[in-house]
1. If we keep just the residues of region 41-65 that are at negative phi and in a loop (DSSP other than H, G, I, E, B), which is farthest from the ligand (Cβ to nearest atom)?
2. Outside any helix (DSSP H, G or I), within 18 Å of GLN234 (Cβ to Cβ) and touching a residue at least 12 places away in the same chain (Cβ under 8 Å): which single residue out of LEU170, LEU86, LEU162 fits that description?
3. Counting only residues that are closer than 14 Å to MET242 by Cα and touching a residue at least 24 places away in the same chain (Cβ under 8 Å), how many does region 195-214 have?
4. Which one of these does ASN34 not meet: (1) assigned to a strand (DSSP E or B); (2) under 14 Å from ALA220 (Cα atoms)?
5. Can you tell me which condition ALA201 does not meet? The list is (1) in a helix (DSSP H, G or I); (2) more than 10 Å from the ligand (Cβ to nearest atom); (3) farther than 24 Å from ALA21 by Cβ, and all the others hold.
6. Quick one: in region 158-194, of everything that is surrounded by fewer than 19 Cβ atoms within 10 Å (Cβ to Cβ) and small (Gly, Ala, Ser), which residue is nearest to the ligand (Cβ to nearest atom)?
7. Given the criterion surrounded by fewer than 18 Cβ atoms within 10 Å (Cβ to Cβ), closer than 18 Å to MET126 by Cβ and at pLDDT 95 or above, identify the matching residue among GLY37, GLY53, GLY81, GLY28.
8. Out of all the residues in region 73-83, which are of a type in the set (A, V, I, L, M, F, W, C) and either more than 15 Å from the ligand (Cβ to nearest atom) or out of contact with any strand residue (DSSP E or B) (no Cβ under 6 Å at 6 or more places or on another chain) (or both)?
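The values are calculated or read from the model by the stated rules, or taken from the named source; none is laboratory data. Only a predicted model underlies this, so the values are computations on that prediction, with no experimental measurement involved. Cβ placement follows ideal geometry from the backbone for every residue including glycine, while neighbour counts extend to all protein chains displayed.
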Amino acid sequence: MLNEKIAVITGASRGIGAAIAKKMAENGATVIINYQGSVQAAQALEAEIIEKGGKAVTYKCDVSDFDKCEKFIGDVVKEYGRIDILVNNAGITRDGLLMGMKEEDFDSNVNLKGTFNTIRFASRTMVKQRKGKIINISSVSGVTGNAGQANYSASKAGIIGLTKSAARELASRNINVNAIAPGFVDTDMTITLSDKVKEGAKGQIPLGRFGKPEEVAELALFLSSEKSDYITGQVINIDGGMVM
Ligand code: NAP
């Protein structure tokens with residue numbers, strides 16, 4: 001499905017990003033596994049993909065850094081000559097109630113600015129190619145808001161605005177830009193939630209369970225393939241029916 005495609009996936013050392021990298025590699029793409037701190041996990045994923053006959057390479061870059069992203073995307077283009085798919089998945093939470101939230105916990109540049117940084121540089125290449133797929137990982141928190149996540153929700157809502165603006169700007173160049181808004185997904189990000197919080201959350205999910213990273217990866221695969229060529233500027237919830 002993605003033979004000959006070059007796919008850059010940010011925050012792909014773990015969780016949803018790692019599942020997307022595996023899925024895209026299984027479908028023929030050469031995947032660039034971006035990470036920041038988890039070098040061993042990123043290298044293990046690279047080895048696993050290659051062992052299964054896929055193509056993968058790791059690249060360390062803090063996506064919140066504009067200049068480092070310019071070098072990162074520039075290096076990918078130098079090596080492969082193109083970027084067909086960009087998945088902005090790197091993300092962090094710094095939960096806390098609004099009244100006590102530290103300024104630096106609001107100011108983090110990973111989620112929203114990191115998404116801007118890579119689009120800023122990769123879109124130039126996609127415009128020249130007159131083709132590309134950009135997939136931004138938002139969250140249901142960005143759609144509905146969430147108590148205790150004012151910073152995270154604002155950044156994820158910002159990603160939705162960025163997605164729609166980029167979709168409008170880039171559509172004439174045949175570049176699709178969409179957002180995925182997951183609900184609760186079983187990863188390191190949710191593993192720390194107490195059993196009480198998890199049970200409470202499940203009570204709000206009509207399908208009665210958390211999602212799996214592989215399920216989000218299936219949607220990302222669809223949005224990166226020709227099967228979704230007529231979809232752009234959309235936010236697709238994948239949340240067991242939590243938001244409807
Ligand atoms: P995770 O397991 O905590 O993994 C986060 C990934 O982001 C890691 O690979 C991490 O890499 C990377 N990362 C963090 N800061 C980075 C930076 N500055 N530069 C580059 N990479 C960075 O999280 P996840 O649950 O898979 O979440 C993936 C995305 O889905 C995030 O955007 C998250 O907000 C979103 N999401 C998750 C859920 C959920 O329930 N899990 C729900 C809705 C939305 P290193 O470890 O190498 O630093």
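1. Narrowing region 41-65 to residues at negative phi: 41-52, 54-65.
From what is left, the residues that are in a loop (DSSP other than H, G, I, E, B) are 52, 54, 61-65.
Details: LYS52: 20, GLY54: 18, CYS61: 6, ASP62: 4, VAL63: 4, SER64: 5, ASP65: 8 Å.
This residue is LYS52.
2. On the way: LEU170 fails: outside any helix (DSSP H, G or I); LEU162 fails: outside any helix (DSSP H, G or I).
The conditions single out LEU86.
3. Here the count works out to 8.
4. If we test ASN34 against (1) assigned to a strand (DSSP E or B); (2) under 14 Å from ALA220 (Cα atoms), just (2) comes out false.
5. (2)
6. The qualifying residue nearest to the ligand (Cβ to nearest atom) is GLY158.
7. On the way: GLY37 fails: closer than 18 Å to MET126 by Cβ; GLY53 fails: closer than 18 Å to MET126 by Cβ; GLY28 fails: closer than 18 Å to MET126 by Cβ.
Matching residue, one of GLY37, GLY53, GLY81, GLY28: GLY81.
8. Narrowing region 73-83 to residues of a type in the set (A, V, I, L, M, F, W, C): 73, 76-77, 83.
Matches in region 73-83: ILE73, VAL77, ILE83.
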